[in-house]
Structures are given as structure tokens and as C-alpha cells.
Amino acid sequence: MIKLTEEIENQFIQLGEKQGVYLEGNIIKVINDENANFKTYLEQAQIKDADNRKKRLEITKQIQDKNKELTEKQTENDALMLQLQEALNKAEQAKNNALNDLSVLQKRSQTELIGEIVKIALLVIVGVGIVVTGMYLYSMATNSTETTLIGNTWSNLFGILLTNSFSIIGTIMGVKYADSKEGKGNG
């Protein structure tokens, strides 16, 4: 047991009365309490210590409950983040699929458009060729004096039509070749 001087005991008593500060913990149990005033002080200190311990224990329990709740919320947040990431990945995949489908659709539309252009160009070439040939045949059948002029025009026109038709076909083949190279480079 610890024996305190009467002066120190009185200082503890005054500290408790004036400022509400008391000894705490196991030290109270080992102090010799022969003085009646100091014995009352130590009893009050034990009661206050027990109250403070209860308060700290309650606070600790509240903190543990909050920590448990926060841990559960964090687990829920992690699960939600995982779901969001999966949804984002699915949306990105859907976007890529849509872009690929759009690209295929555009290429198909371009191919169909090129096919239409070729058909119309060939029809124009054949039509002009037929009209000029018809005029040339008519002028020969009617023994026209303009047969030489129409023959030269017919010959020149066929040369121009042939050159233009090959130019159109070459351009279209070049575009198709460039598209196929571009498609292989991106893939």
C-alpha cells in the first residue's frame, strides 16, 4: 500500500472539489486511506472512475458498431463498383459492336453505290455508242455525204467512251483496293 502525506491528500481533495479532477485506475486501490476525508475522496474517485470507464466502453462500442457499419457499406460499395465496371465494359462492347456494324453497313452502302454508278456509266456508254452507231448506220444507208465526218466522230466517240469506261472501272477498283487495305490495317 502507498501512504501519502496529509498535504498531498489535501491537494488531491482540493483538486477534486475545485476542478473536478480525480485519480483514476488501479492506483486508487493501492493508496492507504486512513484519513476520513481522503477516504471519501477515494470513494468518489472510484465512482467517477467507474462512470468514466462505462462512458469510454459505451463510446468504444459505438465506434465498433460504426466501424462494422462502415465496413458493410464499403463491401456494398465495392460490389456496386464491380457491377458498374461490368456494366461499363458491356456498354463499351455494345458501342464497339455498333461501330463495327455501322462500318459494315457503310461499306455495303458504298459498294452498292459504286455498283449503281458503274451500271449507270455503262448504260450511258452503251446508249451513246448505240445512238452514234445508229446515226452512222443511217448516214451510210442513206448515202449521206456526211458519212466520213460521222465515221470520224463515231471512231473518236468510241475511243473516248472506252477510255472513260476504263477510267471509271480503274477508279472503282482503286477505291475497293484502298478500302480492303484500310480494313486489314485496322484489324
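Where a number appears in this text, it was derived from the coordinates with a stated rule and is not lab data. Fair warning: this is a prediction, and the values are worked out from it, not measured in the lab. Note that we place each Cβ from the backbone using ideal geometry, even for glycine, and neighbour counts take in every protein chain shown.
Quick notes on this one:
- Close Lys-Lys pairs in region 33-110, where close means Cα under 24 Å and separation is 8 or more or interchain: 9
- With a simple spin-label model that places each label point 7 Å from the Cα along the Cα-to-Cβ direction, the separation between E58 and A36 comes to 3.5 nm.
- Span-like helix ranges in the chain, DSSP H, alpha carbon extent 30 angstrom or more, Kyte mean at least 0.0: 147-186
- Given 16 as the ceiling on other Cβ atoms within 10 Å, longest exposed-site-free region of the chain for GluC sites (Glu not before Pro) in DSSP loops: 35-145
- Across N156, N89, N97, mean-square fluctuation computed from a Gaussian network of the chain (C-alpha pairs under 10 Å connected) peaks at N156.
- Residues whose placed amide H lies under 5 Å from that of I31, excluding near-sequence neighbours: I2
- For the chain, a Gaussian network of Cα nodes joined below 10 Å ranks Q62, Q93, Q11 by mean-square fluctuation, and the top entry is Q11.
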